[in-house]
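The values are calculated or read from the model by the stated rules, or taken from the named source; none is laboratory data. Everything numeric in this text was worked out from a predicted model, so none of it was measured. Counting neighbours? That spans all protein chains shown, and the Cβs are built from the backbone with ideal geometry, glycine included.
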Amino acid sequence: MIKNVIGEAGEMEVSIRLMESGLFMVFLLGGKVPAFDLLAEILPVKKEKPHQFLIQVKSTDEPSPYTVRDHRLKTPVPKAKLNELIDRPLPTYVAGVDLSTKDIFLVPAYDRIANYGGSIPTTLKLVSNNRAANIVQLQKLKTDVIDYWKGLDIDNYKPSFNSAL
Amino acid sequence: MNQLIKEIRTYQLAALALMNNLPRCRVEEVSSPYYDFIVTIEESSLVFGVEVKNSGFLHTNHYQDYLESLIEIDVSERQNRIPILIAAVNEEDESVKIGFLLAWQFGRARLFKKPSMVELNKANADKIFDFIKSMDETIRILSMHGMKVVKKIRVEYQHNDGRLSHGKVVYLRDFTEEYKMHQKEIVDEREQLERMIHGIPQDEYPDDELDGVIFNLILERFPKSTKISNLLLFSTELRDLQLLSKSNIRRMEYSITPDTKGATPMVMAMLNGVEKANFGVDIFIDAPWDVKVFESQFFKKEVAIDGWFNTYSSYKQMIATLSSPKDFFIEN
């Protein structure tokens with residue numbers, strides 16, 4: 001069998017949802033790295049590259065997991081842990097999981113100004129059993145990741161990097 | 001979709017379904033030729049293996065190969081002497097069904113080649129637990145939903161030439177507020193000893209109108225029939241019920257209807273289209289040549305037309321607590 005595919009419930013919910021349309025491959029890290037839980041990469045189509053990104057997963061099984069005022073998911077990410085994630089040079093995201101409904105919310109974690117200390121926004125939502133709705137959101141995520149890597153001009157920089165080894 | 005992604009999702013969907021639906025269970029990946037996960041139910045120390053496959057697997061030649069490998073399982077290895085289940089995952093709709101492949105009964109491995117598949121969800125969790133308990137060597141108490149009263153009616157028919165045919169009607173009833181044991185206060189040690197030797201006295205088991213209808217109509221047609229009641233409490237008793245799957249099984253149909261003799265045309269018009277209380281019980285017949293005697297049996301009970309709607313609703317409530325041992329068979 002394939003090994004190392006089992007993790008915490010929230011991590012597997014995110015993994016299953018990200019992979020459902022075949023846009024991404026997800027690797028569960030099983031708590032090996034404190035700053036993030038999942039390493040994901042784009043499954044390349046045509047000339048695309050397998051650009052990678054990192055996700056930190058926070059789950060809740062609270063019966064009332066949303067803030068009343070602005071309907072944010074109460075899956076707080078401590079500032080120190082968020083900064084550790086942001087410090088990684090890859091694109092980085094936080095995924096909040098409502099375990100009772102299996103709804104997943106993805107938010108970017110690029111700038112240290114980001115603050116998810118109490119809750120996270122619920123703008124980008126992935127749901128179970130609605131592939132048509134999810135693929136629109138997953139395409140947005142894919143575009144986001146590609147745009148990030150294109151901005152770094154990694155395709156030109158890497159081959160021209162003068163390694164001292 | 002990439003095949004590897006499909007496979008990973010299949011494993012993850014199976015693991016999540018187990019974790020979400022079987023409370024307090026731990027799922028671990030293992031390297032075994034017989035199963036992919038070891039599942040431990042923490043509070044009961046119940047351990048079983050789960051082989052994860054896609055939903056079409058049971059209809060492939062690979063399934064036959066897998067069964068062959070289970071036949072050759074090394075029973076000297078302690079970690080192999082556990083029940084083995086198969087999780088069939090539909091990666092498209094993300095549903096997971098569980099089937100029961102290998103049980104340990106009476107110190108020997110028993111393989112179910114055509115496992116009956118049960119949807120893995122919260123509603124079925126207790127049933128699945130009880131199935132697994134019956135597959136394990138340890139005698140365990142069943143879940144609250146698994147505990148029932150078992151009614152066994154030994155049906156006998158004497159042919160004209162004196163030859164006897166036998167069948168066994170077995171059905172189960174759920175405990176309810178009304179349907180419960182009538183335990184007497186045990187006053188002396190002699191009675192305590194009697195109970196230890198002979199078990200619970202028959203008059204302490206519940207026996208309501210529905211039980212009466214089932215037994216009395218059989219008794220009218222097969223006058224030598226006898227009835228006993230037992231409790232279904234432990235995994236061994238569930239295992240005994242599962243042994244009935246080896247018998248020839250026929251359905252006996254019952255219909256409880258209002259007695260319309262002498263009813264006025266107006267009453268008849270009112271009753272037109274009124275539902276009858278219909279249900280069935282299964283008869284288990286060991287000898288194949290006795291099957292003809294007991295098949296296509298239909299019993300009708302007419303009850304007073306006065307208060308029919310209340311009678312009907314009362315019978316419907318009782319019928320809802322009736323189940324067949326077939327619900328507990330682990331092989332198709």
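Laid out as a table, the results:
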{"read-out": "Unmet criterion (only one of (1) more than 14 Å from chain B (Cβ to nearest Cβ); (2) under 18 Å from the mean Cα position of the chain (by Cα); (3) part of a loop (DSSP other than H, G, I, E, B)) for A:Ser128", "value": "(1)"}
{"read-out": "Residues satisfying the stated conditions in the range A:76-100, i.e. modelled with pLDDT of 95 or more, among the hydroxyl-bearing types (Ser, Thr, Tyr) and farther than 13 Å from A:Arg112 by Cβ", "value": "A:Tyr93"}
{"read-out": "Residue in the range A:41-49 that is surrounded by fewer than 19 Cβ atoms within 10 Å (Cβ to Cβ), touching a residue at least 24 places away in the same chain (Cβ under 8 Å) and within 14 Å of chain B (Cβ to nearest Cβ) present", "value": "yes"}
{"read-out": "Subset tally (residues that are under 17 Å from A:Leu106 (Cβ atoms) and either at the interface with another protein chain (Cβ under 8 Å from one of its Cβ atoms) or β-branched (Val, Ile, Thr) (or both)) for the range A:10-30", "value": "10"}
{"read-out": "Which numbered condition B:Gly212 fails, given (1) in a helix (DSSP H, G or I); (2) closer than 26 Å to B:Phe129 by Cβ; (3) small (Gly, Ala, Ser)", "value": "(2)"}
{"read-out": "Residue check for A:Val5: within 14 Å of another protein chain (Cβ to nearest Cβ), in a strand (DSSP E or B) and in contact with a Ser or Thr (Cβ under 9 Å, 6 or more places away or on another chain)", "value": "no"}
{"read-out": "Matching option when the condition is farther than 25 Å from B:Lys246 by Cβ, among the hydrophobic types (A, V, I, L, M, F, W, C) and within 24 Å of the chain's Cα centre (by Cα), among B:Leu18, B:Leu13, B:Leu4", "value": "B:Leu18"}
{"read-out": "Residue within the range B:136-146 that is closer than 13 Å to B:Phe329 by Cβ and either loosely packed, with under 13 Cβ neighbours inside 10 Å or in contact (Cβ under 8 Å) with a residue 40 or more places away in the chain (or both) present", "value": "no"}
{"read-out": "Residue that is surrounded by the most Cβ atoms within 10 Å (Cβ to Cβ), among those in the range A:113-122 that are closer than 16 Å to A:Val14 by Cβ and free of Cβ contacts under 8 Å to residues at least 60 places away in the same chain", "value": "A:Tyr116"}
{"read-out": "Residue within the range B:112-121 that is without any contact (Cβ under 8 Å) to a residue 12 or more places away in the chain and within 26 Å of B:Leu231 (Cβ to Cβ) present", "value": "no"}
{"read-out": "Per-region count, the range A:143-165, residues touching a His at 6+ places or on another chain (Cβ under 9 Å) and surrounded by 15 or more Cβ atoms within 10 Å (Cβ to Cβ)", "value": "4"}
{"read-out": "B:Thr260 touching a residue at least 24 places away in the same chain (Cβ under 8 Å), loosely packed, with under 15 Cβ neighbours inside 10 Å and either within 21 Å of B:Ser165 (Cβ to Cβ) or not charged (D, E, K, R) (or both)", "value": "yes"}
{"read-out": "Residues being under 18 Å from A:Lys102 (Cβ atoms) and among the acidic types (Asp, Glu) - total across the range A:51-90", "value": "2"}
{"read-out": "Options B:Asp207, B:Asp188, B:Asp161, B:Asp203; residue that is surrounded by 16 or more Cβ atoms within 10 Å (Cβ to Cβ) and among the charged types (D, E, K, R)", "value": "B:Asp207"}
{"read-out": "Out of B:Ile218, B:Ile186, B:Ile197, sole residue that is at pLDDT below 95 and in a helix (DSSP H, G or I)", "value": "B:Ile197"}
{"read-out": "Any hit, the range B:101-108, residues being on the phi > 0 side of the Ramachandran plot, without any contact (Cβ under 8 Å) to a residue 24 or more places away in the chain and not assigned by TED's automatic domain parsing to the domain that holds B:Leu231", "value": "yes"}
